[in-house]
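Where a number appears in this text, it was derived from the coordinates with a stated rule and is not lab data. Values in this document were obtained by computation on a predicted structure and should not be read as measured data. All Cβ positions, glycine included, derive from the backbone under ideal geometry; neighbour counts span all protein chains shown.
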Amino acid sequence: MNVLRDLFTIVLVSAGAFFFLAGTLGLLRFPDTLSRLHALTKADNLGVGLVMLGLLPWAGGPAGALKLIAIWLLVQISGATIAQLIAQVVAQVVTQVVTQVVTRPEQADGASP
Amino acid sequence: MSAADLSLALLVIAVATWTIAARGLYPAVIGFIAYGLLLALIWVRLASIDIALTETAVGSGVSGTLLLRAAARHRGKVAIAAPASLTVKIVAALLSAAVSLAVALALLLPPGPAPSLAAAAIADMPRVGLGNPVTAVLVAYRAFDTWLEAVVLLLALVAIWSLARGPSWTGTPVIWGKAAATPPLTLLAQLLAPAGTMIGIYMFWVGADAPGGAFQGGAILAAMWLLPMMARLIRPPPIEDLWLRRSLIAGPAVFLAIGLAGFATADAFLAYPKFYAKPLIILIEAALTLSIAATLTMMVAGPQQESEAP
């Protein structure tokens, strides 16, 4: 039983760490803000979720397990919202630049998001 | 010290160096926030969960937000001050290194066994009815320091209010950002504020027996008050609002009143009478949590603008 529990934790936490690593690589290597955001939110969702699942057997009872799940939910809510807010800013900047290029192409050389 | 601890320590030093070297205001502030969060991890590794929570909530969260607001106010304006000359930088670096070296030597090579009051503090804990030694030290043995901290916070808010244009001490803080909230922010405020308020109150309540307390709970409550303000769901109160003013002084005032009553009931300033220590401490902590939440909220909300002004 104990070996099974340890194995469960090791596999899930390692998988979570792998998603964090992949997300960080994406954050560093992807070419534009929206792709980087995509990589980051995947790491947040899956990484935190898997680490949380792997730690559940160690939470010391239902109250501790519920707290872990609550933490995961809070990270989900805030992470998803912040990704949306950043994406909105990016979309606004892109719209501004496109409008500038369309209306006054000669002045828009230096502008970029 | 494990390899993980060593890399954590090196990472903190690297982020600190990067924060100092960063050219822009925004990158420096972001670096400072990351530095605070990493520092909190080190406190966790040192088994000081109370300090880790405070560092995250106040050191990184509230201070970071204040610095971000300050950076936003200076965006696109001239530099705040001329960059320091090379001589000044070298002298500052040498002085900082000397202080770090002195502290490190004192910690690593103490002249004898370090003096500690920990045993005395733990021995008296049952008398104040608390299970968390940190809270016991803060509200019982070093109550005067804690009371002064609450007063300092209040003075900082008065200083911020005095930065406003105009002669009178009335008006409403102006919440930054766009005039209308975006749907994701509204959703976040509606979902997170009720849950977060409960977490803040829990943090204060659990402080009696586990890591937590007035400052951590107050910082979370402040965030949960600011979030609906930023989402334009509620408006910041005018600074002359009577309930706001009462909330601001509740903590220091209750603390002082109970402290003065200690002369009559327990023969000393800030001493608690036997058998009533625990309820009195909970009362003080509750009032402090309210005041800290209100003060931090109004500090981040910033100076007031008079209603007539555009």
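Here are the numbers:
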{"quantity": "Shielding by other protein chains, A:66-74, mean Cβ within 10 Å", "calculated": "1"}
{"quantity": "Packing-based exposure ordering (other Cβ within 10 Å, fewest first) of B:ILE13, B:ILE282", "calculated": "B:ILE13, B:ILE282"}
{"quantity": "Within-12-Å neighbourhood charge of A:PHE30 [Cβ basis; K, R +1; D, E -1]", "calculated": "+2"}
{"quantity": "For chain B, built as a Gaussian network whose Cα springs stay under 10 Å, the top-fluctuating residue of B:VAL103, B:VAL29, B:VAL139", "calculated": "B:VAL103"}
{"quantity": "Over the stretch B:1-87: Rg over Rh, Cα atoms, Kirkwood Rh", "calculated": "1.06"}
{"quantity": "Relative contact order of chain B, defined on C-alpha pairs under 8 angstrom at six or more residues apart (%)", "calculated": "20 percent"}
{"quantity": "Separation in nanometres of the label points that stand 7 Å from Cα toward Cβ, at A:LEU66 and B:ALA4", "calculated": "2.8 nm"}
{"quantity": "Order of B:THR87, B:THR265 - criterion: other Cβ atoms within 10 Å of each residue's Cβ, fewest first", "calculated": "B:THR87, B:THR265"}
{"quantity": "Net charge of Cβ neighbours under 13 Å - reference B:VAL206; Lys, Arg +1; Asp, Glu -1", "calculated": "-2"}
{"quantity": "The stretch A:1-78, relative contact order in percent, only Cα pairs under 8 angstrom and at least six apart counted", "calculated": "34 percent"}
{"quantity": "Within a Gaussian network of chain B (alpha carbon springs, distance under 10 Å), most fluctuating of B:LEU260, B:LEU242, B:LEU107", "calculated": "B:LEU107"}
{"quantity": "Coordinate range along principal axes, alpha carbons of the protein assembly as shown, Å, largest first", "calculated": "81, 70, 53"}
{"quantity": "The stretch B:161-229: chymotrypsin sites (Phe, Trp or Tyr not before Pro) in DSSP loop, at most 16 other beta carbons within 10 Å", "calculated": "B:TRP169, B:TRP176"}
{"quantity": "Computed over chain A, the ratio Rg/Rh where both radii use C-alpha atoms and Rh is Kirkwood", "calculated": "1.22"}
{"quantity": "Residue of B:PRO211, B:PRO228, B:PRO83 that the Gaussian network model of chain B assigns the largest fluctuation, springs spanning Cα pairs under 10 Å", "calculated": "B:PRO83"}
{"quantity": "Cα centroid of the stretch A:1-79 to Cα centroid of the stretch B:135-170, whole Å", "calculated": "39 Å"}
{"quantity": "Exposed GluC sites (Glu not before Pro) absent: longest stretch of chain B, with sites in DSSP loops and at most 15 other Cβ within 10 Å deemed exposed", "calculated": "B:1-239"}
{"quantity": "For peptides A:14-20, B:131-137, B:89-95, sequence by mean Cβ density within 10 Å, most packed first", "calculated": "B:131-137, A:14-20, B:89-95"}
{"quantity": "Taking N as its residue count, the alpha carbon Rg of chain B over 2.2 N^0.38 Å", "calculated": "1.12"}
{"quantity": "Trypsin sites (Lys or Arg not before Pro) restricted to DSSP loop in the stretch B:104-166 with at most 10 other C-beta within 10 Å", "calculated": "B:ARG165"}
